[in-house]
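Participant: Structure in structure tokens, see below.
Read-outs: derived from the displayed coordinates by stated rules, not from any lab. If you're wondering where the values come from, they're calculated on a predicted model, not measured in any experiment. Methodologically, a virtual Cβ is constructed for each residue, glycine included, from the backbone with ideal geometry; neighbour enumeration extends over all protein chains shown.
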Amino acid sequence: MDSGSQPLRSFGRNDEAAKRAAEQIPSIPRDPEGPVFREPWEAQAFAMALALYDRGLFTWPEWAAILAEEIKRAQAAGDPDTGETYYRHWLNALERVVAAKGLTNAQTLARYRNACDHAAERKTHGAPIELKPGDFR
């Protein structure tokens, strides 16, 4: 685990659910105790996928196929695939799944992406990004 990574248990998720996901998705960055993350947002994206899986939105083989497509797409666009962008692909796969399953649409995803970008402009280093009504301009 690199010095910037944190074990999953620091982010309050169920260790057993995380270990099961890591068994099903072999590309998940991990140490002997389970998945690890470079940034808190990566753990949050992981936790969102676990929650949606727990609700039966998709199977792990289905998720792995979508994630593999996202990784291949990024590699074709020039991603050097050094592992540092893994959870960006995870987030793209998550967006695809929720749109494909009818939980949201591309317009809503774009609206929230833009709001997050706006909120990130005002945050200080090390502070979390907090969405406010004005971010949805």
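Participant: Show that you can apply the helix-only estimate: for the chain, add -39,500 (n - 2.57) for every DSSP H stretch of four or more residues, divide by all residues, and state [θ] at 222 nm to the nearest 500. Mind showing how you got there, number by number?
Facilitator: Numbers: 5 runs with 74 residues, N = 137.
Theoretical 222 nm ellipticity from helices: -17500 deg cm²/dmol.
Participant: If you take the beta carbon distance between GLN75 and THR104 as r and set R0 to 25 Å, what does 1/(1 + (r/R0)^6) give as a FRET efficiency, to the nearest 0.05? Working shown, then result.
Facilitator: Working: r = 26 Å, r/R0 = 1.05.
Efficiency at R0 = 25 Å is approximately 0.40.
Participant: Just want the answer: with Cβ charges of +1 for Lys and Arg and -1 for Asp and Glu, which residue in PRO128, LEU109, ALA49 is farthest toward the dipole's positive end in the chain?
Facilitator: LEU109
Participant: Still on this structure, I have one more. Quick one: if you take sqrt(5λ) for each eigenvalue of the C-alpha gyration tensor of the range 6-104, what semi-axes come out, biggest first, whole angstrom? Before the final figure, lay out each step's value.
Facilitator: Working: eigenvalues 76, 62, 27 Å².
Ellipsoid half-lengths, sorted descending, are 19, 18, 12 Å.
Participant: When we measure straight from the Cα of LYS123, which aspartates and glutamates land under 13 angstrom away, once same-chain ones fewer than 8 places off are left out?
Facilitator: ASP135
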